[in-house]
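Where a number appears in this text, it was derived from the coordinates with a stated rule and is not lab data. Keep in mind it's a predicted model, so treat the numbers as computed, not measured. Here the Cβ is made from the backbone with ideal geometry for all residues, glycine too, and neighbour counts use every protein chain on show.
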Ligand code: SAH
């Protein structure tokens, strides 16, 4: 199911950070940044406490992070100040907040896509398609069906990703990847997918 803003806020307000909030970028996104993939006007959807938004800002992008959890956005803003980085953060629901159309050259999603139920996912994919400029790139990492166990977020198959981004995108690559997490039952790495898609003809 899709969680409410209050659930996400609670996840960030506890004594220990939530599993995904590791205090540094996911290695898979760090590699993309090192390869010079984060540039131009960049939107980090479900940015959490901002590690990838700030990574993109440090890489020269004009970076904007949004998240449902106001607690996480406050933390992201504080990190930007601590690190002397310039990035913009706003609390809101990606499905309903006002975002400019065809405005972003680069869109990041680390762990947001897999948090939607089917109906939310369809609406979310519409938002991604609307906000990404023609020729712009989407870098999306989500939990994979290759991850065993029944804890944590919804598992996503590669076929679901291909299906979700069939319209208006060309898939540049779809590869197995991993998320590093704060330990959950001694697990510190989980199986993910990394999708790189290019927006074709913003229409
Ligand atoms: N990208 C971050 C956070 C991943 S957890 C990181 O890598 O650490 C998923 C995030 O998506 C949570 O912070 C949650 O609050 C956010 N989220 C979930 N649904 C959302 C929605 N509808 N709009 C904006 N953010 C959302």
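Classify the chain from the C-alpha gyration tensor, please: rounded if a/c falls under 1.5, else prolate or oblate depending on whether a/b exceeds b/c. List each step's numbers first, then the result.
On the way: a/c = 1.34, a/b = 1.08, b/c = 1.24.
It is rounded, given that a/c, with a ≥ b ≥ c, falls under 1.5.
Please give, to one decimal in nm, the separation of the simple spin-label points placed at residue 201 and residue 6, each 7 Å out from Cα toward the Cβ.
Placing both labels 7 Å beyond Cα along the Cβ direction yields 4.6 nm.
Say R0 is 45 Å: what FRET efficiency, to the nearest 0.05, do residue 163 and residue 83 get from their beta-carbon distance?
Values: r = 38 Å, r/R0 = 0.85.
Efficiency for this residue pair is about 0.75.
At 0.36 nm per residue, and after removing the present C-alpha to C-alpha distance, how many nm does the segment from residue 103 to residue 182 gain when stretched out fully? Don't skip to the end; give the middle numbers.
Working: separation 79, 0.36 × 79 = 28.44 nm, distance 3.39 nm.
Length gained between residue 103 and residue 182: 25.0 nm.
Across all directions of projection, what mean area in square nanometres is found for the Cα convex hull of region 89-203? Mind dumping the intermediate values first?
Details: hull surface 29.8 nm².
That works out to 7.4 nm².
Please figure out what share of the DSSP beta bridges in region 40-113 is antiparallel and state it in percent, rounded to the nearest 5.
On the way: 0 of 12 bridges.
The answer is about 0 percent antiparallel.
Helix-only estimate, please: 222 nm mean residue ellipticity of the chain, summing -39500 (n - 2.57) across DSSP H runs of length 4 or more and dividing by its residues, to the nearest 500.
Values: 6 runs with 60 residues, N = 203.
Only helices count here, giving -8500 deg cm²/dmol.
How high is the relative contact order of the chain, in percent, counting Cα pairs under 8 Å that sit 6 or more residues apart? All intermediate terms of the calculation are to be shown ahead of the outcome.
On the way: 426 pairs, mean separation 40.7, N = 203.
Computed value for the chain: 20 percent relative contact order.
So for the chain: antiparallel DSSP bridges make up what percent, rounded to the nearest 5?
Working: 19 of 38 bridges.
Around 50 percent of the beta bridges assigned by DSSP in the chain are antiparallel ones.
Just grab the label-to-label distance for residue 191 and residue 15, each label 7 Å out from Cα along the Cβ direction, in nm (one decimal).
If labels sit at residue 191 and residue 15, their model points lie 3.4 nm apart.
How big is the C-alpha Rg of region 1-66 next to the rule-of-thumb value 2.2 N^0.38 Å, as a ratio?
Normalised Cα radius of gyration, region 1-66: 1.21.
Indicate the gyration tensor shape class of region 30-99 (rounded, prolate or oblate), computed on the Cα atoms with a ≥ b ≥ c the square roots of the eigenvalues: a/c under 1.5 is rounded; otherwise a/b larger than b/c is prolate and the rest oblate.
Values: a/c = 2.06, a/b = 1.36, b/c = 1.51.
It is oblate, given that a/c is not under 1.5 and a/b is not larger than b/c.
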